[in-house]
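Let me begin by presenting the structure, written as structure tokens, before commenting on it.
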Amino acid sequence: MRLLRSMSRSSLLMILMAAAVSRTALRPACGQAAPGKEQPPSAALRWAEGEPGCTFSRDDDGKYRYALWTDDYGIIAAVDSQELDKVRHRVEPFFSVHITVRYRGKQALAVDPAFATLEFLKHFKVTQKSLDPEDFAAQTQDDADELEHRTEREVKKHPERNEERQKYVQAYQKEVTDFLDFLARRTLRATQLDTSRAEASGWLLFSTKNKWIGDWKKPEQFLLRFPVADRIVEFPFELPPPTGDLILRRRAQ
């Protein structure tokens, strides 16, 4: 107290302000990660029909393809024209987009789908992160195990349903096995592209389990965001296709 009394009012104010500045400098700014914490890129490139570097095609495999090219890389997002119908027939409900990244630079390009997101624009703009294939596989297996346990309990109470329920479980387990193989082999994983490996491709999966994602609208509107290098590439798209814009699929051989 004696020291404070001996100080002038202006000197005390300067000391307090310096202390406040020092504390602020030690904290990361709002929205800024602390040192060492991984952050997704922030600068955006948006696909737009007719713009330089942007292409669109309707292909006979039933997919719409949106491509965006820069000097160093190109990204192709492929969406099945019947994706909305396929979602509810899957073992687990998810929306899928196929991504191909082609690198034509001379250094290296990191590709990591972990920060990819899909925004459901007509469902309160709900944004879902891409599902981790390994975590999704574990959850799917847990759900299959739980179904089997429930079926066993049901059959004990109603033995007359045994044959019917066993057939259902076997069919479900076959679907789960095929789906787990799909997750292991065909989903997009983090990788690095360079002159020796110039392309990476695979599926991105986004959960549709959300209280704000209800029945599909007509049409649905989406915004896919895919990070690459220091950019986020944005692909706005719409399903189902407008009238007269249907794809004639080629028959499987």
Could you check how much of the accessible area of the range 83-166 is carbon and sulfur, as a whole percent, using a 1.4 Å probe? 46
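Taking a ≥ b ≥ c as the square roots of the Cα gyration tensor eigenvalues, with a/c under 1.5 meaning rounded and otherwise prolate when a/b beats b/c, else oblate, which class fits the range 157-215? Let's see the in-between values first.
Details: a/c = 5.98, a/b = 2.07, b/c = 2.89.
Note, shape of the range 157-215 comes out oblate.
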Testing the spin-label approximation: label points 7 Å from Cα along Cα→Cβ at Ala43 and Thr195. State their distance in nm. 2.4
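The values are calculated or read from the model by the stated rules, or taken from the named source; none is laboratory data. These numbers come from a predicted model, not from an experiment. Using ideal geometry, Cβ is built from the backbone for each residue, glycine included, and neighbour counts are taken over all protein chains shown. Surface accessibility is based on the protein's heavy atoms, side chains included, excluding ligands, DNA and RNA. Shrake-Rupley method; radii C 1.70, N 1.55, O 1.52, S 1.80 Å.
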